[in-house]
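K.L.:
What follows is a single structure, and I will ask about it in a moment.
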Amino acid sequence: MGKIADALERHNKEKIIPLDNPKEEPPRKLVVEEPEVALAREAVFQRELGDKLVTLSAPDSADAECFRVLRGQILYQRDRPVPKSIQVTSALPGEGKTYVAANLAAMLALSIDEHVIAIDADLRRPRLHHFFGYRKAVGLHDYLLGGVRLEDLILKSGIDKLSFLPAGKIARNATELLSSNMMVTFLEEVKEKFKDQFVIIDSPPCQIGAETKALAQLVDGIILVVMARKTPRKEIERAIDNLGREKILGVVFNGFEQVRKRYHKYYDRYYKSQ
């Protein structure tokens, strides 16, 4: 009986909250975040990346959504096999080809199964390393000169499934290097070492050097970046003919503000109403 009495005494000493006077708490808003958006935020947190890498710096923006659409068009081809090696180029400089190459590579790597290696093959004006938070480092140029192993040049991008190969030193003989047998050997080695991965190649503008056309023969497909109100139609048609119409996967129309503003308006309205 002693134990029962002790238990009753402890029970009587406990503070009981009356049911008619519960503590009120304000309702909490449930925030649902897409898995790849969470991955993008984590990558930005772990490494200082360029702001122009919008797939990571602004993963829920309308700009990032455009790259999701581009990714879908690449992954779900109707009339051709899925291209594993993709060259990103433009007709003229300053059209945003590196911006597209970096963000496409990142968006592919954020998907469930895809692994990617991004290669800066613009030996005339390399810029891809800025997007992944690197200063100039040894890279493709050094490999093509010989004496450097590929595995010693591959860098981490900050995204788990995305590797990066910088261009290295600016080359005066870019055409000779990128059109050489060493470049053919390089791409064969990349495809062998990174089997079943996407290879995204940022190449020089096709109207600047002959090396872009040479690279076009070695890849599965090409994305041509065009700047709105800048690139003459004749230059676009000439670029498509030089690269080969059968290799063109599509054209990315960059910088068309009227469409961008209208898309942003509907995009924001849709998500803010959730």
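The values are calculated or read from the model by the stated rules, or taken from the named source; none is laboratory data. Bear in mind the structure is a predicted one, so any value in this text is a computation, not a measurement. Ideal geometry is used to build each Cβ from the backbone, glycine not excepted, and the neighbour counts take in all protein chains shown.
Yes/no matrix, rows are residues, columns are (1) of a type in the set (Lys, Arg); (2) modelled with pLDDT of 95 or more; (3) closer than 22 Å to residue 125 by Cα; (4) in contact with a helix residue (DSSP H, G or I) (Cβ under 6 Å, 6 or more places away or on another chain):
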| position | (1), (2), (3), (4) |
| --- | --- |
| 145 | no, no, yes, no |
| 157 | no, no, yes, no |
| 208 | no, no, yes, no |
| 213 | yes, no, yes, yes |
| 225 | no, yes, yes, yes |
| 231 | no, no, yes, no |
| 241 | no, no, no, no |
| 245 | yes, no, no, no |
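K.L.:
Among strands (runs of 3 or more DSSP E) lying entirely in region 131-250, which contain 1 or more residues that are hydroxyl-bearing (Ser, Thr, Tyr), under 23 Å from residue 52 (Cα atoms) and in contact with a strand residue (DSSP E or B) (Cβ under 6 Å, 6 or more places away or on another chain)?
P.N.:
162-165
K.L.:
Could I ask something else about it? Given the residues 80, 125, 71, which is the only one that is more than 16 Å from residue 186 (Cβ to Cβ), in contact with a Gly (Cβ under 9 Å, 6 or more places away or on another chain), of a type outside the set (Val, Ile, Thr) and surrounded by fewer than 23 Cβ atoms within 10 Å (Cβ to Cβ)?
P.N.:
After ruling out the rest, the residue left standing is 80.
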